[in-house]
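K.L.:
I'd like to ask some things about the structure below.
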Amino acid sequence: MALRRIAVLALSAATCALVPALAAPTAGAVTPSEQVRQAPIPLAKGGDQLKVTVTESGSAGLDGTHVLKCHPTGGDHPKAEQACRTLDKVTRWGKDPFAPVDPGTACTMQYGGPAVAHVTGRWAGRPVDATFKRDNGCEIGRWDKLAPLLPAAGA
């Protein structure tokens with residue numbers, strides 16, 4: 001049975017849907033969709049790399065520009081291992097963890113401070129060019145979801 005699980009991990013989501021016999025769950029087994037979510041997303045040669053520029057966060061040592069490398073972990077980001085783990089956790093097939101708030105979204109009127117972050121590079125084989133602010137509830141939530149890639153409020 002272990003051989004079947006390994007084979008399923010190597011298959012794409014579309015392929016798993018086509019071969020349900022291979023992916024039939026057993027008691028306590030992880031379903032194919034969970035295996036696809038848990039399996040690492042295929043990476044471009046050299047892994048993932050992001051350049052993170054943060055200003056006015058009020059966090060000593062976290063303002064400035066840092067490079068984060070994942071798969072393998074490296075760069076000069078002060079919390080590289082935790083940031084890579086967080087990004088792996090929030091990365092889902094078909095979802096962009098760096099996507100802006102959808103236009104027309106109702107957001108609470110609150111202010112999380114003057115901090116601004118700009119993230120560029122490649123993640124999960126895709127280009128990234130995203131700006132983060134803390135000027136309303138939605139943007140604060142978007143920022144906090146990526147901590148410690150971005151410094152936590154009051155850190």
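The values are calculated or read from the model by the stated rules, or taken from the named source; none is laboratory data. None of the values given here were measured: they were computed from a predicted structure. Using ideal geometry, Cβ is built from the backbone for each residue, glycine included, and neighbour counts are taken over all protein chains shown. In case anyone asks, the SASA skips ligands and DNA or RNA and just uses the protein heavy atoms, side chains included. Shrake-Rupley method; radii C 1.70, N 1.55, O 1.52, S 1.80 Å.
K.L.:
How many residues are part of a loop (DSSP other than H, G, I, E, B) and either surrounded by fewer than 17 Cβ atoms within 10 Å (Cβ to Cβ) or of a type in the set (A, V, I, L, M, F, W, C) (or both) if we restrict to the range 113-134?
P.N.:
5
K.L.:
Kindly indicate whether residue 85 is open to solvent by 80 Å² or more (accessible area, probe 1.4 Å), modelled with pLDDT of 95 or more and out of contact with any Cys (no Cβ under 8 Å at 6 or more places or on another chain).
P.N.:
Against the criterion (open to solvent by 80 Å² or more (accessible area, probe 1.4 Å), modelled with pLDDT of 95 or more and out of contact with any Cys (no Cβ under 8 Å at 6 or more places or on another chain)), residue 85 qualifies.
K.L.:
Would you check which residues across the range 41-61 are modelled with pLDDT of 65 or more and basic (Lys, Arg) and list them?
P.N.:
51
K.L.:
Can you give me the number of residues within the range 50-92 that are part of a helix (DSSP H, G or I) and under 10 Å from residue 148 (Cα atoms)?
P.N.:
Qualifying residue count for the region: 8.
K.L.:
Now a separate question. Would you tally the residues in the range 135-152 being of a type in the set (Lys, Arg) and surrounded by fewer than 18 Cβ atoms within 10 Å (Cβ to Cβ)?
P.N.:
1
K.L.:
Exactly one of these conditions fails for residue 109: (1) part of a loop (DSSP other than H, G, I, E, B); (2) out of contact with any Gly (no Cβ under 8 Å at 6 or more places or on another chain). Give me its number.
P.N.:
(2) is the only condition that residue 109 fails.
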